[in-house]
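First up is the structure itself, then whatever we jot down about it.
No lab work stands behind these numbers, since they all come straight from the coordinates. Fair warning: this is a prediction, and the values are worked out from it, not measured in the lab. Heads up, the Cβs are rebuilt from the backbone with ideal geometry, glycines too, and the neighbour counts pull from every protein chain shown.
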Amino acid sequence: MHTNEIPSPELNNTEFVRMMDWSLHGKTALVTGGSRGIGRAIALSLASLGADVAITCYTGCKFATDVQAEIQDMGRRSASYSHDIAKPEDVERMAREVSMAFPSIDILVNNAGITRDRSFKKMTLDMWQGVLAVNLTGVFSVTRCFIDAMADRGWGRIVNISSIIGEAGGFGQANYAAAKAGVIALTKTLALEYARKGVTVNAIAPGFVSTRMTAEVPERAMQSVLERTPIGRLAEPREIAAAVSFLSSPLASYITGHVLDVNGGMLMR
């Protein structure tokens, strides 16, 4: 580092990374869709680094309660909230409830999403609008509730979960691809607008991950996915969570507007 450069206020001025640089102690995270699959892994990973973690799900369910209990067993605060992310008024209600229990949200992970796959010829307007309402407008609605408070405090991390489908398209997934591509564009725009305010905004584009959703993919289609993936297997949810944890950490203070591909080499850019 040149002598006239200003060191990052988030990191110790050393030439090497120390474990404390990963720590999220004193931070509070909110993970949407945090009750199962990738969202669950993200919530537990952030808690393991010291963050208190609130999670949301579509309806109150045992899965969310289980994740909440696991986080509390780590000695961290946690709570779960149900809401319909497709309804902005419901998101605002949820945000008020979260703010009552957690005075500040420092890390926001927009993970909630749905699929309604059908070839474009057979796709209905309801299928199109339903997926965009959750996967794109939902990201807008939740982010709007928390990003300005992050900027006022001068520190924040937003990580949006996009998809390889948002980068390369997917047969029968016009709605999902459009929404996830929109998430990438929204990420880059917010990164530009909030960079000088201490808030980083990044996206992760997973490939195919071993979750309940991919378990429903026909065997023949899944075999094609594996053949096109150089690593030759599906991702594990914790591998996506590890990427989120890095982008949420003080170590990632100089990364914003980035799309991190976690796809086993299926798409190389």
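Numbers for the structure displayed
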{"quantity": "Linear extension gain, residue 269 paired with residue 224, 0.36 nm per residue minus alpha-carbon span", "calculated": "14.1 nm"}
{"quantity": "Difference of contour (0.36 nm per residue) and Cα-Cα distance, residue 212 to residue 242", "calculated": "8.9 nm"}
{"quantity": "Under 5 Å, built H, 5+ apart or other chain: amide partners of residue 258", "calculated": "203"}
{"quantity": "Most to least packed among 25-34, 220-229 [average Cβ atoms within 10 Å]", "calculated": "25-34, 220-229"}
{"quantity": "Debye log10 I(q)/I(0) for the range 214-268, one point scatterer per Cα, at q = 0.15, 0.31 Å⁻¹", "calculated": "-0.55, -1.22"}
{"quantity": "Label selected from (1) 15.2; (2) 13.3; (3) 25.3, the criterion being mean projected area of the Cα convex hull in nm² as computed here", "calculated": "(1)"}
{"quantity": "Rounded to whole Hz, the Karplus (6.51, -1.76, 1.60) HN-Hα couplings of the range 201-218, x for glycine and proline", "calculated": "10, 10, 10, 10, 10, x, x, 8, 10, 6, 9, 4, 5, 6, 5, 8, 6, x"}
{"quantity": "Modelled FRET efficiency - R0 41 Å, residue 119 with residue 25, Cβ distances, 0.05 increments", "calculated": "0.25"}
{"quantity": "Two-site FRET efficiency, residue 61 against residue 151, from Cβ-Cβ distance with R₀ of 30 Å, rounded to 0.05", "calculated": "0.35"}
{"quantity": "Rounded to the nearest 20 debye, dipole of the chain from Cβ charges on Lys, Arg, Asp, Glu", "calculated": "500"}
{"quantity": "Contact order normalised by residue count of the range 19-262, Cα under 8 Å, 6+ apart, percent", "calculated": "20"}
{"quantity": "Among 178, 23, 82 - extreme Cα towards positive end, dipole of the chain, charges at beta-carbon", "calculated": "178"}
{"quantity": "HN-Hα J in Hz across the range 219-233 - Karplus 6.51, -1.76, 1.60, θ = phi - 60°, x for Gly and Pro", "calculated": "4, 5, 5, 5, 4, 5, 4, 5, 5, 8, 9, x, 5, x, 8"}
